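Engineer: Submitted below is the structure of interest, expressed as structure tokens.
Read-outs: derived from the displayed coordinates by stated rules, not from any lab. All of these numbers come straight from a predicted model, not from anything done at the bench. Backbone-built Cβ (ideal geometry, glycine too); neighbour counts: all protein chains shown.
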Amino acid sequence: MSDDNKKSENEINSNCVVAVPNPLGIPAYLSSVYDKIYIKGRLAKYLDTDRFANISTFGQYEKIKQSVLQEVKEMQNILWIGNAWGNLMREIAQGIGLQGSFDVVEAAPRQTARLKEKLKDCSNSKVMLDDIEFYYPKKSRKRVKYDLVIAYFLLHEMPDRKKKRVIESLISLTTRSGKIMFVDYDKPAKSNLLKYPVIWANRIIEPFAESLMTDGLEKFVPEPEKYIWEKVNFLDGLYQRTTIKRKR
Ligand SMILES: C[S@@+](CC[C@H](N)C(=O)[O-])C[C@H]1O[C@@H](n2cnc3c(N)ncnc32)[C@H](O)[C@@H]1O
């Protein structure tokens with residue numbers, strides 16, 4: 001990353017946005033596939049609404065949102081990765097109350113600016129500019145860990161090897177009794193009429209999504225048998241909200 005880019009990222013600093021210099025810069029898959037949406041283009045401004053979140057999930061947004069909110073409790077320390085369309089993140093920040101904390105890690109500078117605006121009146125929230133794979137928070141020399149870590153429609157945007165490394169990072173950021181939540185594509189049944197149209201459309205617009213729909217999330221979690229899995233499906237298996245928690 002050039003010195004100029006580093007400088008402009010650090011200028012994002014404000015009360016609730018902490019720019020953590022990321023030596024590797026913006027992940028390559030974001031620049032190559034999502035450049036117009038997250039990095040340079042102005043599309044995000046129009047897409048970041050509940051209405052678009054609902055359209056992009058075939059009308060499932062409200063159901064998915066309620067299912068995420070069911071896991072949110074007062075006073076929790078929550079880590080969320082990446083800006084998500086719509087109002088859900090604000091509802092989570094409000095749901096944990098002032099004694100909870102809502103930390104958001106986002107790799108694209110423009111998206112951190114959006115998040116800053118979205119969460120500007122949530123004093124329990126903090127936005128950090130970093131690639132989640134390399135995020136390593138510390139407080140008074142001790143590593144910070146979270147009660148709940150949420151990867152909301154995040155994994156399908158990254159190549160498979162990155163999916164694995166990011167999941168390892170999420171696991172290391174969760175307390176022993178904590179949970180990791182994945183909201184993303186799932187393996188729809190053959191009879192699901194949306195299965196093939198979505199796979200074909202994604203080959204053009206979301207090229208890293210297919211492996212979640214064919215191989216499943218389990219393939220990317222190291223030692224999956226060590227976790228208690230809880231899965232909720234939406235739209236006949238097109239989407240999932242899955243939580244994993246370490247077995248005792
Ligand atoms: C959380 S996903 C959700 C977007 C999705 N289309 C939705 O339904 O809301 C997208 C965000 O994740 C961010 N992101 C992708 N890879 C990341 C990474 N490795 N670390 C941090 N943020 C990342 C992107 O820059 C983008 O702003």
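Engineer: Looking at the chain only, what percent of DSSP beta bridges run antiparallel? Nearest 5 please. Before the final figure, lay out each step's value.
Structural biologist: Working: 17 of 39 bridges.
Percentage antiparallel, nearest 5: 45.
Engineer: Which residue, Lys63, Lys118, Lys164, has the most motion in a Gaussian network model of the chain that connects Cα atoms within less than 10 Å?
Structural biologist: Lys63
Engineer: Gain in length, Arg90 to Ala189, computed as 0.36 nm per residue apart minus the alpha-carbon separation, to one decimal in nm?
Structural biologist: Numbers: separation 99, 0.36 × 99 = 35.64 nm, distance 3.33 nm.
Gain on stretching Arg90 to Ala189: 32.3 nm.
Engineer: Taking every pair of Cα atoms in the range 121-248, average 1/r, invert it to obtain the Kirkwood radius, and report Rg/Rh to two decimals.
Structural biologist: Dividing the radius of gyration by the Kirkwood radius yields 1.00.
Engineer: Check the straight Cα-Cα distances from Lys36 and name the lysines below 18 Å, setting aside those fewer than 8 residues away within the same chain.
Structural biologist: Output for Lys36: Lys45.
Engineer: For a test of the definition: using alpha carbon positions, the gyration tensor, and the 1.5 limit on a/c, classify the chain as rounded, prolate or oblate.
Structural biologist: Rounded.
Engineer: Percent relative contact order of the chain, based on C-alpha pairs within less than 8 angstrom and at least six residues apart?
Structural biologist: Values: 419 pairs, mean separation 43.4, N = 248.
Over the chain, the number comes to 17 percent.
Engineer: Same structure, new question: Taking a point 7 angstrom from the Cα of Glu74 along the C-beta vector, which residues in the range 91-116 have backbone N less than 11 Å away?
Structural biologist: Taking a point 7 Å out along Cα→Cβ of Glu74, the residues of the range 91-116 whose backbone N falls under 11 Å are 96-100.
Engineer: Please compute the modelled spin-label separation between Ile204 and Lys226, points set 7 Å along Cα→Cβ, answer in nm with one decimal.
Structural biologist: Inter-label distance under the simple model: 4.2 nm.
Engineer: Moving to a separate point now. So who's got an amide H within less than 5 Å of the one on Gly100, skipping anything under 5 residues away but keeping other chains? H placed 1.01 Å off N, in plane.
Structural biologist: Sorted by chain and number, the residues that satisfy this are Met75.
Engineer: Need the list of lysines near Lys195 for cross-linking: C-alpha distance under 20 angstrom, and skip anything on the same chain fewer than eight residues off.
Structural biologist: Counting by Cα, and skipping residues close in sequence, Lys195 has these lysines nearby: Lys63, Lys187, Lys219, Lys231.
Engineer: Now a separate question. Sum -39500 (n - 2.57) across every DSSP H segment of at least 4 residues in the chain, then divide by the residue count to get the 222 nm mean residue ellipticity, nearest 500.
Structural biologist: -9000 deg cm²/dmol
Engineer: Shape of the range 79-168 from its Cα gyration tensor (a ≥ b ≥ c, root eigenvalues): rounded if a/c is under 1.5, otherwise prolate when a/b > b/c, or oblate? Spell out each step's value before the answer.
Structural biologist: On the way: a/c = 1.69, a/b = 1.22, b/c = 1.39.
In terms of gyration-tensor shape, oblate.
Engineer: Quick check: pseudo-label points 7 Å beyond the Cα along Cα→Cβ at Arg248 and Ser56, how many nm apart are they?
Structural biologist: 4.0 nm
Engineer: Also: For a protection proxy built on the mean count of beta-carbon atoms within 10 angstrom, sort 124-131, 240-247, 53-60, 201-208 highest first, please. Walk me through the numbers on the way to the answer.
Structural biologist: Working: 124-131: 22.1, 240-247: 18.9, 53-60: 15.8, 201-208: 13.2.
Output ranking for 124-131, 240-247, 53-60, 201-208: 124-131, 240-247, 53-60, 201-208.
Engineer: Test of understanding: ordering Ser101, Ser191 by Cβ neighbours within 10 Å, fewest first, what list do you get?
Structural biologist: Fewest to most other Cβ atoms nearby, the residues stand as Ser191, Ser101.
Engineer: Follow-up. Between Tyr46 and Arg176, what is the FRET efficiency for a Förster distance of 25 Å, r being their Cβ-Cβ separation, to the nearest 0.05?
Structural biologist: For R0 = 25 Å, the calculated efficiency reads 0.05.
Engineer: Applying the Karplus parametrisation 6.51 cos²θ - 1.76 cosθ + 1.60 with θ = phi - 60° to the phi angles of the range 61-75, what ³J(HN,Hα) value in whole Hz is obtained for each residue in order, glycine and proline being reported as x?
Structural biologist: Each residue's phi maps through the Karplus curve to give 4, 4, 5, 5, 4, 5, 5, 5, 5, 4, 8, 8, 10, 4, 6 Hz.
Engineer: Sticking with this structure for a sec: Mind sorting Glu133, Glu218, Glu225 by how few other Cβ atoms lie within 10 Å of their own Cβ, fewest first?
Structural biologist: Glu225, Glu218, Glu133
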